[in-house]
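Visitor: There's a structure below that I have some questions on.
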Amino acid sequence: MRRPPAASLYMGNKRVIIAFAILAIFGSIAWIFFQMPGRRPRIQLEPYQALGEVAAEETVRLLNRQGQVVIITPEAPAGANPVEEAKLKTFIAVLKRGGLSLASVEKFTLAPSARLFGRSVPRDWFLHLLQTRPKAAAMVLFAEFPVLEPADADQLKKDGVKVILISASQSGAKHLVDDGLVQLAVVPCGDRPPPASAKPQSTRETFDRYYTILTPRQD
């Protein structure tokens with residue numbers, strides 16, 4: 001069997017290498033193209049902005065437009081999160097517009113293993129924060145309520161600081177409100193799907209589609 005000349009083999013391999021190089025170049029260009037900010041899928045931020053606005057309005061109402069507020073939120077593990085930023089930015093803007101003072105935004109870090117069990121505020125960290133912020137009128141948790149010992153819960157009630165819970169998955173929120181540990185909770189509506197009606201005409205209508213408010217006034 002006659003073998004092809006060495007020059008032919010060289011030219012064939014060269015064509016293959018060039019073809020792969022061209023594909024690699026176009027692949028890199030495509031990756032860069034789709035990583036551009038304008039090419040990323042657009043996230044609908046309106047529900048989260050509505051959450052921040054209404055939650056802040058309810059906080060202002062609860063505190064009667066007086067006092068300092070400490071916000072507690074988890075540290076983003078992988079850079080900025082547009083959803084969390086939308087909630088927090090809107091909440092702070094409406095809070096200040098309502099006359100309340102923002103004492104600080106406190107961020108806690110969770111180990112990767114702890115994130116598997118939710119975003120609960122670490123107990124010891126939370127108790128230390130209560131001690132170092134005695135002038136705070138309210139603690140606003142953009143996270144799950146910490147797991148407290150009975151003595152911790154009793155002390156929290158005695159301190160008189162109001163706790164506002166803004167959580168995406170706090171299953172026991174109503175129990176916390178009924179027990180007097182949380183004075184205001186803003187949580188998802190649960191299994192109720194958003195109505196397939198016309199576009200909401202106001203921020204409050206957007207909020208009511210996705211979230212519900214729990215207070216001690218409710219049965």
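The values are calculated or read from the model by the stated rules, or taken from the named source; none is laboratory data. Since this is a predicted model, take the numbers as computed values, not measurements. Cβ sites come from the backbone with ideal geometry, for glycine too, and all protein chains shown count toward neighbours.
Visitor: Without any contact (Cβ under 8 Å) to a residue 60 or more places away in the chain and touching a Gly at 6+ places or on another chain (Cβ under 8 Å) - does that describe any residue in the stretch 130-143?
Guide: No, every residue in the stretch 130-143 fails to be without any contact (Cβ under 8 Å) to a residue 60 or more places away in the chain and touching a Gly at 6+ places or on another chain (Cβ under 8 Å).
Visitor: When the stretch 146-163 is examined, which residues are found to be surrounded by 20 or more Cβ atoms within 10 Å (Cβ to Cβ) and closer than 16 Å to LEU214 by Cβ?
Guide: VAL163, the sole residue that qualifies.
Visitor: Given the options THR215, THR203, name the one that is out of contact with any strand residue (DSSP E or B) (no Cβ under 7 Å at 6 or more places or on another chain) and modelled with pLDDT of 85 or more.
Guide: On inspection, the qualifying residue turns out to be THR203.
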